[in-house]
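Okay, structure first, notes after.
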Amino acid sequence: MTTYVAFLRAINVGGHAVVKMTVLRDAFTAAGCKDARTLIASGNVLFDSPGPAAGIGALERRIRAELGQLFDVPPGLFIRTVREVARLVQANPFRRYAGKPRLALYVAFLSRKPRQIPRLPLRSVPEALDVISVKGREAFIVSGRKKNGLYGFPNLFIEKQFDVTATCRNWKTVHKIAGMLAT
């Protein structure tokens, strides 16, 4: 068995694609996943399944089919192994930003590796974002506060700049997930 993390895009955000976590866990169980559990109501599902030899593509299709029964439009689905998430945390791409106040740190999970990566850091002034690094299927973003006092949210910027579908998680959330996986 391999432990995976599924990051779902745009569920339980602003009243969009609202689903109870118990229902979401049940959908993953119906797709053949074992020990499905969630973290935060924003679509982070940890689960066990036979390893890649059994076919990650088949697993994704089963999960997408179950999600299709819950939502009018199925959310984006980004699956990573426990090892991939642990490596992200161990690499600590935000090391030089640690302890700096008034910054939000994000990981964008990408549907595939970008075909081209623009020169970094890549900046969005209106969103107060800097993409500082891209490694494989993840992009790492630092956000300051915008003029309205809110932090910029990188998802649409990342999708446009890299021509991929993405979902973003706060670095603190990624750490929590890694902590759950370690136990």
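The values are calculated or read from the model by the stated rules, or taken from the named source; none is laboratory data. Here the structure is a predicted model, which is why all the values come from computation and not from measurement. For neighbour counting, all protein chains shown are included, and Cβ atoms are generated from backbone atoms with ideal geometry for every residue, glycine included.
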Quiz item: When both residues are 6+ apart or on different chains and their Cβ atoms are under 8 Å apart, which pairs have a first residue that lies in the range 125-138 and is of a type in the set (Ser, Thr, Tyr), and a second that is part of a loop (DSSP other than H, G, I, E, B)?
Solution: SER133/PRO93; SER133/LEU120
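Search the range 117-147 for residues being among the basic types (Lys, Arg) and part of a loop (DSSP other than H, G, I, E, B), and hand back the single one that is nearest to GLY57 (Cα to Cα).
Filtering the range 117-147 down to residues among the basic types (Lys, Arg) leaves 119, 123, 135, 137, 145-147.
In the following step, the residues that additionally are part of a loop (DSSP other than H, G, I, E, B) were identified as 119, 137, 146-147.
On the way: ARG119: 32, ARG137: 16, LYS146: 39, LYS147: 43 Å.
Going through the qualifying residues, I end up with ARG137.
Of everything in the range 143-170, what is hydrophobic (A, V, I, L, M, F, W, C) and in contact with a Phe, Trp or Tyr (Cβ under 6 Å, 6 or more places away or on another chain)? Give them in sequence order. Spell out the reasoning first.
Of the residues in the range 143-170, the ones hydrophobic (A, V, I, L, M, F, W, C) are 150, 153, 156-158, 162, 164, 166, 168.
Across the range 143-170, the qualifying residue is only CYS168.
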Quiz item: So is SER111 crowded, with 17+ Cβ neighbours inside 10 Å, closer than 24 Å to GLU84 by Cβ and either of a type in the set (Gly, Ala, Ser) or assigned by TED's automatic domain parsing to the domain that holds GLU60 (or both) or not?
Solution: no
Quiz item: Would the range 59-79 turn up any residue that is out of contact with any Pro (no Cβ under 6 Å at 6 or more places or on another chain) and under 15 Å from ILE177 (Cβ atoms)?
Solution: yes
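Out of contact with any Lys or Arg (no Cβ under 9 Å at 6 or more places or on another chain), charged (D, E, K, R), surrounded by 12 or more Cβ atoms within 10 Å (Cβ to Cβ) and free of Cβ contacts under 8 Å to residues at least 60 places away in the same chain: does that describe LYS146? Working first, answer last.
Working: out of contact with any Lys or Arg (no Cβ under 9 Å at 6 or more places or on another chain): yes; charged (D, E, K, R): yes; surrounded by 12 or more Cβ atoms within 10 Å (Cβ to Cβ): yes; free of Cβ contacts under 8 Å to residues at least 60 places away in the same chain: yes.
Yes, satisfied.
Hey, among the residues in the range 15-29 that are β-branched (Val, Ile, Thr) and modelled with pLDDT under 85, which one's surrounded by the most Cβ atoms within 10 Å (Cβ to Cβ)? Walk me through it before giving the result.
So the first thing to find is which residues in the range 15-29 are β-branched (Val, Ile, Thr), and the list is 18-19, 22-23, 29.
When the remaining residues are screened for being modelled with pLDDT under 85, the result is 18-19.
Details: VAL18: 11, VAL19: 17.
By that ranking, first place goes to VAL19.
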Practice problem: Would you please list the contacts, defined by Cβ atoms under 7 Å and residues six or more apart or on different chains, that run from a residue in the range 150-177 that is over 16 Å from PHE7 (Cα atoms) to a residue that is polar (S, T, N, Q) and at pLDDT 95 or above? | Solution: TYR151/SER143; GLY152/SER124; GLY152/SER143; PHE157/SER124
Quiz prompt | When residues of the range 153-183 are limited to those that are assigned to a loop (DSSP other than H, G, I, E, B) and at pLDDT below 90, the one nearest to the chain's Cα centre (by Cα) | solution = PHE153
Self-check item: Matching residues, the range 82-95, being modelled with pLDDT of 90 or more and closer than 19 Å to MET180 by Cβ
Solution: GLU84, VAL85, ALA86, ARG87, LEU88, VAL89, GLN90, ALA91, ASN92
Practice problem: Kindly provide the set of residues from the range 69-85 that are surrounded by 18 or more Cβ atoms within 10 Å (Cβ to Cβ), in contact with a Ser or Thr (Cβ under 7 Å, 6 or more places away or on another chain) and of a type in the set (Val, Ile, Thr), ordered by number. | Solution: VAL82
